[in-house]
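> Sharing a structure with you now.
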Amino acid sequence: MAKVTFTDSQRFVNVGKCLCLGRNYPAHAKEMNAEVPDSPVVFIKPSTAVIGSGSRVIIPPLSRELHHEVEMVVLIGKEGKHIPRAEAFDYVAGYAVGLDMTLRDVQAEAKKKGLPWSIAKGFDTSAPVSAIMDKRFVPDPHSLKLSLKVNGVLRQCSSTAHMIFRVDFIISYLSSIFTLEAGDLIFTGTPEGVGEVFAGDEMEASLENVGVLRVGVESSSSTVQHE
Ligand code: MG
């Protein structure tokens, strides 16, 4: 079972579902030639997609195009349904930096055919997440620098200030549809600058005052050779 650990202790939490937002930064919607949505675009990754820092993202054989999307991740601390926006932060346990790894070729095909994104977004290792920073050390999640380097070169650099839908709204909105449970993760969307990574690349994602996440990339064929 996937777990996330807190930075300040040995505390860990079993991960539940990962609820993910698409197009939550205007500049990313623009680079994808997509409209800025009136309500959140939501998809789910299974808990089996989650890996920790120091792990490797494995490109499955059915894809030739793996993209990085750096995102702020919110860890839910207690169960809630129909959570009012004013109480939303009571349900937050902490924050992390994560990567919404995406099989862009598989997603593009699914979009074209009107099919779900489950494979493109939910494959094993598609949800790397850093250690969790307790929320008491993150007074304002909407003013944090968010960045990603690949092989030491800056690829994405923005601020959570540019999020269209804010954390309190997202929690209230999602909880009107899904029961939120302790251990659920919310991926809050990526800023502009998404792009391709290849087997052998090393990614370093950072969220100011929250954490750093380091993961490599492997193709499934290279995994077999290692075994
Ligand atoms: Mg994303």
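Since every read-out is calculated from the coordinates, none of them should be taken as a lab result. Values in this document were obtained by computation on a predicted structure and should not be read as measured data. Here the Cβ positions follow ideal geometry from the backbone for every residue, glycine too, while neighbour counts run over all protein chains shown.
> Express the relative contact order of the stretch 62-147 as a whole percentage, based on alpha carbon pairs under 8 Å and six or more residues apart in sequence.
34
> Give the long-range amide H neighbours of Gly94: residues separated by 5 or more places, or on another chain, with amide H under 5 Å away, using H modelled in the peptide plane at 1.01 Å from N.
Result for Gly94 returns Leu75, Lys135.
> With the cut-off at 1.5 for a/c, could you classify the stretch 3-219 from its C-alpha gyration tensor as rounded, prolate or oblate?
Rounded, because the longest to shortest axis ratio a/c is under 1.5.
> Still on this model: List the residues, sorted by chain then number, that are 5 or more residues from Arg23 or on another chain and whose placed amide H is less than 5 Å from its amide H.
The list, which skips near neighbours in sequence, is Thr190.
> Which lysines, on any chain, are close to Lys30 with Cα under 21 Å apart, when same-chain ones fewer than 8 places away are left out?
Lys111, Lys112, Lys121, Lys145
> Roughly how many nanometres apart are two label points built 7 Å out from the Cα toward the Cβ at Thr48 and Lys145?
3.9
> Using the Kirkwood radius built from alpha carbon pairs, what does the Stokes-Einstein equation give as D for the stretch 1-87 at 37 °C and 0.692 mPa s, in µm² per second?
For these conditions, the coefficient is 204 µm²/s.
> Further, regarding this structure: Consider a paramagnetic label point 7 Å from the Cα of Phe137 along Cα→Cβ; state which residues of the stretch 6-26 have an amide N under 19 Å from it.
Once the point is set 7 Å along Cα→Cβ of Phe137, 6-14 turn out to lie under 19 Å by backbone N, inside the stretch 6-26.
> For the pair Asp201 and Ala108, what calculated FRET efficiency results from E = 1/(1 + (r/R0)^6), where r is the Cβ-Cβ distance and R0 = 22 Å, to the nearest 0.05?
The computed FRET efficiency comes out at 0.60.
> Report relative contact order for the stretch 3-219 in percent, whole number only (criteria: Cα-Cα under 8 Å, sequence separation at least 6).
Relative contact order comes out at 33 percent.
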